[in-house]
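Reading through the structure tokens given below for one structure.
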Amino acid sequence: MEPFIWTSEYEIGIVDVDRQHRELFRLMDSLSLSLYRGDGKKVVGQVLHSLEEYVAQHFSLEEDLMSRHRYPDVVRHMTQHRQFEKQLAAFKKDYERGGSDSYLALRVNKELVAWWKTHILQVDREYRSYIVDAPGDGTPTGA
Ligand SMILES: [Fe+2]
């Protein structure tokens, strides 16, 4: 299993977004580990719930930033976010159907790592300049 470790490679330079990405990595790491250890339904359920809530909060922060700064590709970016939510919901269903096992843990880990790496390094990077370099409103915090 590939550990979910946030490194400066993932930094996009908007303080709130980077902070949330870090927390998302932490939550996804605990989800992978929890499934791998075969933790009980209560524990896995709690981790899944925290992750879902945090993902929703994070996506709405980014979508709000992109809309406020009139990022031209906001719709395509939002489509990716909706796809991720579907993927997470599908994992949840698989878990509810079959419980934890190492196969599900590995699959969840592999797909989540792959999605977030691509999303942060390519898709999130693309809106960065519209927010950070925005005249007058381009504080690096982006908040
Ligand atoms: Fe995003």
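A few notes on this one:
- When ARG97, ARG128, ARG107 are checked against the criterion of being basic (Lys, Arg), in a helix (DSSP H, G or I) and within 12 Å of the ligand (Cβ to nearest atom), a single residue qualifies: ARG128.
- Residue match in the stretch 105-113 (condition: β-branched (Val, Ile, Thr) and over 15 Å from the mean Cα position of the chain (by Cα)): no
- Residue check for GLN80: of a type in the set (S, T, N, Q), within 12 Å of the ligand (Cβ to nearest atom) and modelled with pLDDT of 95 or more: yes
Condition check ((1) over 18 Å from VAL132 (Cβ atoms); (2) surrounded by 14 or more Cβ atoms within 10 Å (Cβ to Cβ); (3) touching a Cys at 6+ places or on another chain (Cβ under 9 Å)) across all residues:
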residue	(1), (2), (3)
ASP18	no, yes, no
ASP29	yes, yes, no
ASP39	yes, yes, no
HIS49	yes, no, no
GLU52	yes, yes, no
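- Filtered by the rule that a residue be within 13 Å of the ligand (Cβ to nearest atom) and part of a helix (DSSP H, G or I), the stretch 14-53 gives ASP16, VAL17, ASP18, GLN20, HIS21, LEU24.
- Residues in the stretch 54-86 that are among the hydroxyl-bearing types (Ser, Thr, Tyr) and surrounded by 15 or more Cβ atoms within 10 Å (Cβ to Cβ) were compared, and the one that is nearest to the chain's Cα centre (by Cα) is TYR54.
- Some residue of the stretch 61-81 being touching a residue at least 60 places away in the same chain (Cβ under 8 Å), part of a helix (DSSP H, G or I), more than 14 Å from TYR130 (Cα to Cα) and not polar (S, T, N, Q): no
The values are calculated or read from the model by the stated rules, or taken from the named source; none is laboratory data. These figures come from a predicted structure and were not determined experimentally. Counting neighbours? That spans all protein chains shown, and the Cβs are built from the backbone with ideal geometry, glycine included.
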